[in-house]
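Have a look at the structure below, then the notes.
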Number of protein chains: 2
Amino acid sequence: VADTTRKAGTQRPGGRSARVRAAALAATLEELAEEGYSTLSLDSVARRAGVHKTTLYRRWGTREALVLEAMLERVSERVPVPDTGSLRDDLLALAGAAAATMTTPEGEAHVRAVAAAGSHDSALAAANRQFWEERLALDAVVVERAVARGEVPAGTEPRPVIEALLGPLYFRLLVTGERPDRRFIGQVVDLVIDGVGRGRRV
Amino acid sequence: VADTTRKAGTQRPGGRSARVRAAALAATLEELAEEGYSTLSLDSVARRAGVHKTTLYRRWGTREALVLEAMLERVSERVPVPDTGSLRDDLLALAGAAAATMTTPEGEAHVRAVAAAGSHDSALAAANRQFWEERLALDAVVVERAVARGEVPAGTEPRPVIEALLGPLYFRLLVTGERPDRRFIGQVVDLVIDGVGRGRRV
């Protein structure tokens, strides 16, 4: 998996290999958006990208590895880890960017493919698990910073906080079919930060 | 859609029609669990239930209507709306029962089919929307009772609370592929009730 903290082109400027990689990843996202996951293959991506398919087989081996890298890069571009100095604003930024990405055609196709497959497609499931391990570890930093600032108690586990933030957005997209809109994101962030029982202390 | 508040058999005891309905709904859940959603049809359910397929066509018309009724009945049996006298215990009970149901083979097959289809299968999407309208309205009662007891502020919107509770469980099942276990349920309930920032007030 590529080093996703490196901005494309900043450390490995140009070069044929970088151009092929960029073309393949872009073609993967286009293919996902237009055709969906079920028919996506290294061959179909190679055709769309205008690169030789053996290049893709050599570099990625499986469509799962290719889709994982394309989605990781897309998500790290579009859902950067925010650092506003306030947990509430960080969570609002994170949830807003996640909702925007999951409702793009390629984001939605990817998420629905993962949800449909479950553990039946073990290569996809393994790639997806790795994606989320990395992504949740990145996102956890906003909670760790809030602990360091004294906004939340020392010893707070970051990961359930991120899952409680992102879960309701995916619930709307995948389960109830509603849009995770700005109003809903605000309500979820309020709950995650203050809880529903805050009135008891007033 | 059947009156889901009525317990099977308590108001309409026996009768051929009730037996056919029970057999068809049970066969639908079996078919979902064993074969999945994609091949389920009124014909396949009729064969499994040992009833005439015209009976199913007359009563339900589409497989979406049949699956909706089967899932609604299953969920109202397995995920009753709790009334323990405490919001925390009600949310724990609700989340525990929801997690147990969504991880049964038929529950998981149903949820993955809905997530995969999105709005492409408009009959399934419409049936699913109706299911969740009803279910979220039922579940909202636990928050309304907490408001009445003074546990949470007057004017609290119940629905986002229920979505914040259930969302992370579905997120694990459908998105990250982790199990929504008891420890995680406890963490989500704590967040929904008290929020992560509770330390600020100590």
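The values are calculated or read from the model by the stated rules, or taken from the named source; none is laboratory data. A quick note: this is a predicted structure, and the numbers were derived from the prediction, not measured. Using ideal geometry, Cβ is built from the backbone for each residue, glycine included, and neighbour counts are taken over all protein chains shown. SASA here: full protein model, heavy atoms, side chains in, ligands and nucleic acids out. Shrake-Rupley method; radii C 1.70, N 1.55, O 1.52, S 1.80 Å.
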Legend entry - Shape parameters for the range B:95-163, alpha-carbon atoms, Rg then Dmax in Å: 14.9, 44
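Quick one: if the Förster radius is 45 Å, what FRET efficiency do A:SER44 and B:ARG19 give, using the C-beta to C-beta distance and rounding to 0.05? Please list the in-between numbers first.
Numbers: r = 51 Å, r/R0 = 1.13.
So, using R0 = 45 Å, E works out to roughly 0.30.
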Legend entry - Residue-averaged beta-carbon neighbours from other chains (10 angstrom radius) around B:109-116: 5
Inset, instruction - Kindly write out, for the range B:68-79 in residue order, the coupling ³J(HN,Hα) from the Karplus curve 6.51 cos²θ - 1.76 cosθ + 1.60 (θ = phi - 60°), rounded to whole Hz, with x marking Gly and Pro. - result: 4, 5, 5, 6, 4, 5, 4, 5, 6, 6, 8, 10
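Calculate for chain A the 222 nm mean residue ellipticity that helices alone would give, adding -39,500 (n - 2.57) per DSSP H run of length 4 or more and normalising by residue count, nearest 500 deg cm²/dmol.
Numbers: 9 runs with 134 residues, N = 202.
So the helix-based figure for chain A works out to -21500 deg cm²/dmol.
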Legend entry - Contact surface A-B: accessible area buried, both sides summed, square angstrom, 1.4 angstrom probe: 4100 Å²
Inset, instruction - Mind pulling the angle between the C-alpha long axis of helix A:158-170 and the longest principal axis of chain A? Nearest 10 degrees, somewhere in 0 to 90. - result: 70 degrees
Legend entry - Reduced Cα scattering model of the range B:45-184, Debye log10 I(q)/I(0), q = 0.10, 0.12, 0.14, 0.20 Å⁻¹: -0.40, -0.56, -0.74, -1.25
Inset, instruction - Please label the shape of the range A:33-72 as rounded, prolate or oblate, based on the square roots a ≥ b ≥ c of the eigenvalues of the alpha-carbon gyration tensor (a/c under 1.5 means rounded; beyond that, a/b larger than b/c means prolate, else oblate). - result: oblate
Legend entry - Degrees between helix A:105-117 axis and first principal axis of chain A (Cα, 0 to 90, nearest 10): 90 degrees
Legend entry - Gap separating the Cα centres of the range B:14-86 and the range B:138-196, nearest whole Å: 28 Å
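For chain B, what relative contact order do you get, as a whole percent, if you take Cα pairs closer than 8 Å and at least 6 residues apart? Show your work: numbers first, answer last.
Working: 169 pairs, mean separation 39.7, N = 202.
Over chain B, the number comes to 20 percent.
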Inset, instruction - Determine the shape class of the protein assembly as shown: with a ≥ b ≥ c the square roots of the Cα gyration tensor eigenvalues, call it rounded for a/c under 1.5, and otherwise prolate if a/b is greater than b/c, oblate otherwise. - result: oblate
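Give the accessible surface of the protein assembly as shown per residue, rounded to a whole number of Å², with probe radius 1.4 Å and ligands, DNA and RNA excluded. Please list the in-between numbers first.
Details: 17950 Å² over 404 residues.
Averaged over the residues of the protein assembly as shown, the accessible area is 44 Å².
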